[in-house]
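These notes are about the structure you will find just below.
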Amino acid sequence: MTVFQESGLLFEFADGNCFHIEKDPLVTNGCSSTSNNMACECVSVIDKRHCFIEAKMSAPRGPGGNVKDLRLNGKSIPSTWTAFDNYTTFLRNISKKFIDSFSILLSLSQGRHGSERLKAIQLPDKHLNFDRLRFILIINFTVSPGHYIDKQSMSVLQDALKNEMRPFLKIWNIPDTSVKVVLPEDAYRLLKVPVRLSS
């Protein structure tokens, strides 16, 4: 069993079905020229889909809001930021994590870093089916007492993330329905991600 905690959530994956990609040397060591690779938490195969999974404890509600009411990673937004800048930064960072993770896994699965690195990927299927990918952002608002978000806000955030990722999705001809933004209970109930609130 592969078990780890992130953003107030406990993830428990069966042995051999979790590539903890954010711990991969391509992320932790970066590139010699830029050192700015980013990655989501992990990749797992669920229902024959490669699921790229990222977790956050909070998210901005969107552009045009009152910046003093917004939070990013559980902290108040600096008063010098505007709501639009904060929202855009959040979306671009999440998008980059998913795109970099896809690139890393694809390069490893094609043997670009040698057969030993390919063998080390803890996934039952190491070759990506571009029609069966999921990019799952789990927002754990339950750890923020008094914080409320409705389903419409989650839908707006999902649409915004799809829009941010659309050039990448279009290049690889990946359906935009592969991008999901969910609360923890929906990640477990609807998408079968083995996640629960950590105690």
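The values are calculated or read from the model by the stated rules, or taken from the named source; none is laboratory data. As the structure is a prediction and not an experimental result, all values here were calculated from the model. Neighbour counts are summed over all protein chains in view; Cβ atoms, including those assigned to glycine, are modelled from backbone coordinates with ideal geometry. Heavy atoms of the whole protein, side chains included, go into the accessibility calculation; ligands, DNA and RNA do not. Shrake-Rupley method; radii C 1.70, N 1.55, O 1.52, S 1.80 Å.
If you check ASP85, ASP47, which single one turns out to be under 25 Å from ASN163 (Cβ atoms) and either open to solvent by 60 Å² or more (accessible area, probe 1.4 Å) or at pLDDT below 85 (or both)? I'd like the intermediate steps shown before the answer.
Numbers: ASP47 fails: under 25 Å from ASN163 (Cβ atoms).
The unique qualifying residue is ASP85.
Taking the conditions exactly as written (surrounded by fewer than 18 Cβ atoms within 10 Å (Cβ to Cβ), part of a loop (DSSP other than H, G, I, E, B) and modelled with pLDDT of 90 or more), does ASN163 satisfy them or not? Taking the combined requirement at face value, the residue does not satisfy it. In this structure, does ARG196 turn out to be over 24 Å from THR89 (Cα atoms), touching a strand residue (DSSP E or B) at 6+ places or on another chain (Cβ under 8 Å), at pLDDT below 95 and open to solvent by 80 Å² or more (accessible area, probe 1.4 Å)? Yes, satisfied.
So PRO175 fits all but one of (1) closer than 20 Å to MET57 by Cα; (2) at pLDDT 90 or above; (3) surrounded by fewer than 17 Cβ atoms within 10 Å (Cβ to Cβ); what number is the exception? Tallying (1) closer than 20 Å to MET57 by Cα; (2) at pLDDT 90 or above; (3) surrounded by fewer than 17 Cβ atoms within 10 Å (Cβ to Cβ), PRO175 fails exactly one: (1). Checked against (1) open to solvent by less than 60 Å² (accessible area, probe 1.4 Å); (2) of a type outside the set (Asp, Glu); (3) modelled with pLDDT under 95, THR28 meets all criteria but (1). Mind listing whichever residues of the stretch 92-122 are surrounded by fewer than 20 Cβ atoms within 10 Å (Cβ to Cβ) and of a type in the set (A, V, I, L, M)? If the condition is that a residue be surrounded by fewer than 20 Cβ atoms within 10 Å (Cβ to Cβ) and of a type in the set (A, V, I, L, M), then LEU106, LEU118, ALA120, ILE121 are the ones that fit.
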